[in-house]
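J.: My questions will all concern the structure given below.
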Ligand code: ACO
């Protein structure tokens with residue numbers, strides 16, 4: 001499609017002549033017909049349905065866009081999260097991630113994302129109390145977890161058990177009722193850590209530690225994970241704070257693959273447990289929630305600082321990628337990576353230094369000066385340091401995507417809740433370019449040859 005001025009246009013369509021051009025519009029000339037169309041521009045976008053009027057004849061379906069991976073398609077209007085990838089900016093409901101990381105806690109951030117503003121002290125207190133009242137899971141869910149094989153991946157246990165909650169809360173299917181929606185959001189935020197901790201304990205063959213409402217959200221999660229049999233167990237406050245920070249940083253990231261899954265599946269009006277299961281499944285993929293594990297594998301494979309030059313040579317030759325570097329949206333330092341890097345040192349003071357840290361720091365130093373990475377705007381992303389921290393805290397790599405899914409639950413829910421109130425919301429149903437054969441007649445089996 002090319003754009004030309006009206007003067008150059010041989011013939012104009014009557015509809016477009018009648019429609020007064022808006023102040024912000026783009027003029028499109030269809031060179032198949034010579035017709036010209038004025039398409040309104042709103043918020044830097046054109047409505048894809050406007051293209052349907054561009055036809056060769058009345059039988060023509062009309063023009064569509066082709067955008068696999070949605071690289072240049074806005075699928076919704078959203079006021080939840082803002083990202084400026086060129087400048088390295090991330091804001092939840094307008095609040096810079098740096099300020100939230102320094103001053104907020106995870107449950108307050110979850111409230112902010114879902115309800116659109118910071119809670120009052122009373123609202124926050126009630127919210128925290130409500131969440132802690134819903135951390136228990138039905139005993140039958142525990143039985144499901146028991147039934148998994150000893151080596152079942154905890155992320156798949158999480159996907160399955162979160163979907164199973166739908167069978168315990170039948171009212172959840174009434175998604176038109178705001179009070180019912182609110183209760184399910186509370187249940188989901190409250191129960192995800194319990195499901196995750198039980199899945200982890202199952203993989204170790206250890207009995208479960210039940211949730212303790214007296215503890216903070218993060219403190220309770222760490223206790224369910226790591227307290228084996230100690231009545232006085234208290235998680236280290238530095239590690240609790242570090243996980244709180246990591247949870248804030250992972251709470252939302254606008255229309256990524258798993259959020260798109262949440263919205264797309266949720267658009268069918270299924271209950272939120274099923275939609276969260278779908279979003280969690282999307283996050284399980286190595287291109288989405290699995291990159292920090294790949295970073296650890298890469299650092300272990302490099303093994304020592306003196307092997308870095310040879311490794312970088314192979315990256316620059318295009319033989320492999322520097323994992324934890326580069327991002328589809330950020331063409332600058334990922335603001336989350338900056339915060340995580342600073343926090344890593346505090347964690348290592350408690351846990352002892354992760355021996356792979358020196359390799360990571362040296363890789364980053366070299367990459368930030370190297371023409372290959374500078375020219376391509378490749379900077380560390382959120383995954384470059386997070387895996388090192390999780391590993392130092394004692395988590396096996398199989399738990400990494402689970403540690404992503406728990407905090408992202410509030411982001412998925414915020415986006416889902418926003419969608420419920422959006423009058424433009426319709427079931428997600430993309431179009432296709434059909435590449436198969438034209439109509440053919442059925443051939444009976446005996447006539448098909450060998
Ligand atoms: N190491 C080396 N070169 C890279 C890297 C990297 N990590 N990332 C991109 N490049 C190069 C590409 O080879 C390409 O070079 P070319 O122009 O010479 O062909 C150029 O940079 C552009 O790369 P694309 O693949 O087009 O960038 P895209 O936006 O599609 O990919 C992605 C983004 C997938 C994140 C990519 O940077 C990557 O594979 N990074 C490593 C994996 C990773 O860390 N993923 C986590 C992302 S954060 C998250 O999901 C939570």
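J.: Sort 65, 435 so the one with the fewest other Cβ atoms within 10 Å of its own Cβ comes first.
T.: Result, fewest neighbours first: 435, 65.
J.: Can you figure out the FRET efficiency of residue 212 with residue 349, using R₀ = 30 Å and their beta-carbon distance, to the nearest 0.05?
T.: Computed FRET efficiency for residue 212 and residue 349 comes out at 0.65.
J.: With axes computed from alpha carbons, what is the tilt in degrees of helix 237-249 against the longest principal axis of the chain, rounded to the nearest 10 within 0 to 90?
T.: Taking Cα atoms only, the helix is inclined about 10 degrees.
J.: Moving on to the next point. If you line up the long axis of helix 400-420 against the longest principal axis of the chain, both from Cα atoms, how many degrees apart are they, to the nearest 10?
T.: Helix 400-420 sits roughly 50 degrees off the main axis of the chain.
J.: OK, next. List 258, 164, 450 from most exposed to least, where exposure is judged by having the fewest other Cβ atoms within 10 Å. Walk me through the intermediate numbers first.
T.: Working: 258 25, 164 18, 450 2.
Least crowded to most crowded, the residues run 450, 164, 258.
J.: Among 59, 67, what is the fewest-to-most ranking by other Cβ atoms within 10 Å? Please report the intermediate quantities before stating the final value.
T.: Details: 59 6, 67 11.
By the 10 Å Cβ count, ascending, the order reads 59, 67.
J.: Quickly estimate the mean residue ellipticity at 222 nm for the chain, helices only: each DSSP H run with n ≥ 4 gives -39500 (n - 2.57), and the total goes over all residues, rounded to 500.
T.: It comes out at -15000 deg cm²/dmol, rounded to the nearest 500.
J.: Let me ask you something else. Which residues in the range 45-63 place their backbone N less than 15 Å from a point set 7 Å from the Cα of residue 33 along the Cα-to-Cβ direction?
T.: 50-63
J.: Counting pairs of Cα atoms in the range 89-422, how many percent are more than 25 Å apart?
T.: Roughly 51 percent, rounded to a whole number.
J.: Still on this model: With the crude spin-label approximation of a point 7 Å out along Cα→Cβ, what separation in nm comes out for residue 56 versus residue 270?
T.: That separation, rounded to one decimal, is 3.9 nm.
J.: Further, regarding this structure: Measure nothing but the geometry: give the 0 to 90° angle between the long axis through the Cα atoms of 272-284 and the longest principal axis through the Cα atoms of the chain, rounded to 10°.
T.: That works out to roughly 90 degrees.
J.: Run the simple label-point estimate for residue 168 and residue 331 please: 7 Å along Cα→C-beta, distance reported in nm.
T.: 4.7 nm
J.: To the nearest 0.05, what FRET efficiency results for residue 439 and residue 288 with a Förster distance of 51 Å applied to their C-beta separation?
T.: With R0 = 51 Å, the Cβ-Cβ based efficiency is 0.85.
Read-outs throughout are calculated quantities, based only on the coordinates presented, and are distinct from any laboratory measurement. Only a predicted model underlies this, so the values are computations on that prediction, with no experimental measurement involved. Every residue, glycine among them, receives a Cβ derived from its backbone with ideal geometry; neighbour counts consider all protein chains shown.
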